[in-house]
Amino acid sequence: MGALKLEVAASVSAIPARDWQACAGDANPTVHHDFFRALEESGSASAETGWTPRHLVARTAGGEIAGILPAYLKSHSFGEYVFDHSWADAFERAGGDYYPKLQIAVPFTPVPGPRLLLADPQAGPALLDAAADAVEAAGLSSAHATFIAPGQVPVFEAAGWLIRTDQQFHWQNRGYRDFQDFLDQLASRKRKAIRKERQTALASGLEIRCLTGPELEEAHWDAMWRFYQHTGARKWGRPYLTRDAFARLAGTMADKVLLVLAFRAGKPVAGALNLIGQDTLYGRYWGATEHHGCLHFEVCYYQAIAWAIDRGLARVEAGAQGEHKLARGYEPTTTFSAHWIRHPAFRRAVANFLEQERRAVAAGMEYLGHFTPFRRGPLGGGSAGEGEDEGDHD
């Protein structure tokens, strides 16, 4: 490949969409050029909100883009879903400045995916070296890459980054013919519980519609924005995405969006926004303006499973948090992040912490694996908690 030229792009729009997509591919919509543009150009991810774009770009001697590292200067740790607030507190109590830091991520999006966007795999190490050099040159405390696709973790590890693990709950399609076929694989008590939850969700005469592409109308987006605001205000005070971000998704990515909306007397009262990948449905946002028992489970989980089975998708990823997803057929799955710490003593402290944390995460996942609802399967069966968290689905 020869020597690479490294440069910084101050916005995703400074990188031609065709070049970006040649590196990112089409499998995961959260790393699509249009998705980043929606976040940045809507003002959701901007210097004003603490997300200053600093995308690293590797070019060949001929000027072609060989790889991209989507990155931001962060003045806080919100909207990341991999929590380092205690690290920031410890570093600042010791007299250091933790912020700004370099964040390699899709803003506000806890979806595993490629963080090294590569047209040529050999550009990966060069981009990670460039990120470390940028930290050193600017005197930053650290760089963090969150929700890394498992296949890219070894590249970060080989470059000397510290690896952190956590967990999410993902539903796996094991060749089910339909939703009933999925239910047939569950223990009897769990199967009955899910049927009862679905009946309860629709007991008020609600109608559920799954809409995508040209089926999506402005009124649907308006409703989903209201639901998103309602959840955001309740969970973290202020929604991360602006209304304009939703409008931009509607204009450029409607074919990659699935809205699951619940209607009462023709009026939408709850909904979930999902992104459609090549083989995965990604649950992103949920909200409701009326409370109906078990409606969260129906709109976010069961409709997503049924839609994925019908389209032959391999999995549903329902976002961050939520051990209650176990009882609904979502299994514990390891997620990964990587961290470059500039200060040697701080790096040693973080490395020691991560070693202990990885053991704890692994033990917790092994334990949770005994509580999946399946009669048989790789993780065994058992009984999971029935608690409802209406604010989940991110």
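The values are calculated or read from the model by the stated rules, or taken from the named source; none is laboratory data. Remember, it's a predicted structure, so these values are computed and weren't measured experimentally. Every residue, glycine among them, receives a Cβ derived from its backbone with ideal geometry; neighbour counts consider all protein chains shown. Heavy atoms of the whole protein, side chains included, go into the accessibility calculation; ligands, DNA and RNA do not. Shrake-Rupley method; radii C 1.70, N 1.55, O 1.52, S 1.80 Å.
Some points to look at:
- Antiparallel bridges, percent of DSSP beta bridges restricted to the chain (to nearest 5): 90 percent
- Fraction of accessible area attributable to carbon and sulfur, the chain (%, probe 1.4 Å): 52 percent
- Viscosity 0.890 mPa s, 25 °C: Kirkwood-radius Stokes-Einstein D of the stretch 1-106 over Cα pairs, µm²/s: 163 µm²/s
- Ligands, DNA and RNA are left out, and with a 1.4 angstrom probe the accessible area of the stretch 309-359 is 44 Å² per residue.
- Pairs of Cα atoms farther than 35 Å apart, the chain, %: 28 percent
- Note on the stretch 115-186: semi-axes of the ellipsoid equivalent to its C-alpha gyration tensor, largest first and rounded to whole Å, are 38, 15, 9.
- Between the stretch 13-33 and the stretch 264-326, the alpha-carbon centres lie 26 Å apart.
- Geometric extent, Cα atoms of the stretch 223-369 - Rg, Dmax (angstrom): 18.6, 62
- Per residue value of the accessible surface for the stretch 5-59 (all protein chains in place, 1.4 Å probe), Å²: 38 Å²
- When Rg and the Kirkwood radius Rh are both evaluated on Cα atoms of the stretch 285-328, their ratio Rg/Rh stands at 0.98.
- Helical contribution to [θ] at 222 nm, DSSP H n ≥ 4, -39,500 (n - 2.57), averaged over the chain, rounded to 500: -10000 deg cm²/dmol
- Convex hull volume of the C-alpha atoms in the stretch 59-102, normalised per residue: 99 Å³.
- Rounded to whole Hz, the Karplus (6.51, -1.76, 1.60) HN-Hα couplings of the stretch 273-283, x for glycine and proline: 9, 10, 10, 9, x, 4, 9, 9, 9, 9, x
- Percentage relative contact order, the chain, counting C-alpha pairs under 8 Å, at least six apart: 19 percent
- In a DSSP loop and with at most 14 other Cβ atoms within 10 Å, the GluC sites (Glu not before Pro) in the stretch 256-329 are 290.
- If you run the Gaussian network model on the chain, springs between alpha carbon atoms under 10 Å, then out of 261, 295, 206 the most flexible one is 206.
- Rel. contact order, % - alpha carbon contacts under 8 angstrom, at least six apart, the stretch 49-187: 23 percent
- Evaluated over the chain, the count of Lys pairs having alpha-carbon atoms less than 21 Å apart is 5 (only pairs 8 or more residues apart or interchain).
- Environment charge of residue 60, counting only residues whose C-beta is closer than 15 Å and scoring Lys/Arg +1, Asp/Glu -1: -2
- Candidate residues 34, 279: accessible-area rank, largest first, probe 1.4 Å: 279, 34
- Using θ = phi - 60° and Karplus 6.51 cos²θ - 1.76 cosθ + 1.60, couplings along the stretch 331-338 (whole Hz; Gly, Pro as x): 9, x, 9, 6, 10, 10, 9, 9
- Along the chain, the longest continuous region that contains none of the chymotrypsin sites (Phe, Trp or Tyr not before Pro) in a DSSP loop with at most 14 other C-beta atoms within 10 Å is 237-394.
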